[in-house]
Amino acid sequence: MICTICGGSEQVIKAALDKVTYVQCTCGVTLAVPMPTEEELKAFYNTRYVESMGCGEENPHFREEYQPIYQSEKALTFRDLGFPHTEGVGLRWLDVGCANGLFVGWIQQFGYETKGVDVAPEMIEEARQKGLDCHCCEANDLGEVFDIVSLWDVIEHALDPDAMLSRVSSAVKSEGNLFLQTPCTGIISDTFGQGWREYTYPNHLHLFSQDALFRLLTRHGFMIRNWVRFGSGNTSGTLPDDKKRVIDTIAKRMGIGDVIALWAVRT
C-alpha cells in the first residue's frame, strides 16, 4: 500500500479486522487497506451513513435531544483553544462536512454569516429544511473565501486528505482560521490495539498521529495556534460514568487523548 500522504510503502499492521486492515506508515499516518472506491463511498454516504453509523443503528448525535450536549461540548472546545467563538458579527464561517447542519445552526446565533458543505445529499436536504445555507459540494466549489473554516470529524473519512486540505486551504482567507477535530493515534490507540473505537470501516480511512497531522497542515500553509486532546478511548456506556470521567480527565490533562481538536491560522 502506497501512503496517500507521503508516498512511502514501509508500514506496520495496527489492526487486522474482518473487512479491512489498518496499517501505519512511517510518516505517522494510519491507512485502511483496501481503500474503498469513490463510487463505493458515494453509495455509502447516499445511504444516510451519519444516521446508521455504518452498523445499522441510529446515531444519537443527530437526535434533537443531543443538541444541548453537542453545543456544550463545542463551547468547551473553543474555551480550551482560547478562541472567542461568540464574537461573530461581520465574519463568515464555512463548515465542511456539515451533515444535517448541527454545527451551522448553532454557531450562526453568534452573528456569523454561515454556510455548510457535505457530500451526503440527504443530510444537506435535512439542513436546508431547517433554513440553513448548506450545499452538496466540496469547499472550493463555492468559489468563496471565509474568515473561518471548520472540519469537525471529517478528515478521517477522506479518500485523499491531502487533496481535501488543498481545497479547504483555498477557501480560507489569508490569516483566516481553521478548526479541525479528528481521532488521534498514540498511547491510547496502541493500548486498545485492534479494539480501538476509531477503527471503523469504511467510516475511517485515514487516522493521524499528532505530528503527522501538524506536518500535513503546515504543508498546506497553516500554522498551529493551539490544540487540545481528549477522550480516553472509552465510549459512553462502556464504563460507569464516574470512572469514565476520571479516566477522561487524566487523558486530557496529560495531553494523550485519542481525539484532537486544533486551531490553525492560514499564513
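7 Å from Cα along Cα→Cβ at both Ser72 and Glu87: what's the point-to-point distance in nm?
According to this spin-label approximation, the distance is 2.6 nm.
Run the dipole for the chain about the Cα centre, Lys and Arg Cβ at +1, Asp and Glu Cβ at -1, nothing else charged, and hand back the magnitude in debye, nearest 20.
800
What is region 183-245 by shape, rounded, prolate or oblate, if you read a ≥ b ≥ c off the alpha carbon gyration tensor as root eigenvalues and call it rounded for a/c under 1.5, prolate for a/b larger than b/c, and oblate otherwise? Display every interim value, and only then the final one.
Details: a/c = 2.70, a/b = 1.69, b/c = 1.60.
The shape class here is prolate.
Between region 1-32 and region 195-219, what is the separation of their alpha carbon centroids in Å?
After rounding, the separation between the Cα centres reads 10 Å.
Kindly flag which residue pairs out of Lys115/Lys252; Lys74/Lys252; Lys19/Lys115 have an alpha-carbon separation exceeding 25 Å in this structure.
Values: Lys115/Lys252 31 Å; Lys74/Lys252 15 Å; Lys19/Lys115 36 Å.
Cα-Cα > 25 Å for Lys115/Lys252; Lys19/Lys115; rest within.
Under 5 Å between amide H atoms, partner at least 5 residues away or on a different chain: which partners does Lys14 have, H built in plane at 1.01 Å?
Tyr22, Val23, Gln24
Quick one, which of (i) 19.5; (ii) 20.1; (iii) 19.0 is the actual Kirkwood radius over Cα pairs in Å calculated for this model?
Answer by label: (iii).
Bear in mind that the values in this text are calculations on the coordinates, not laboratory data. Keep in mind the model is a prediction, meaning the values are calculated, not measured. Here Cβ is always computed from backbone atoms with ideal geometry, including for glycine, and neighbour counts include all displayed protein chains.
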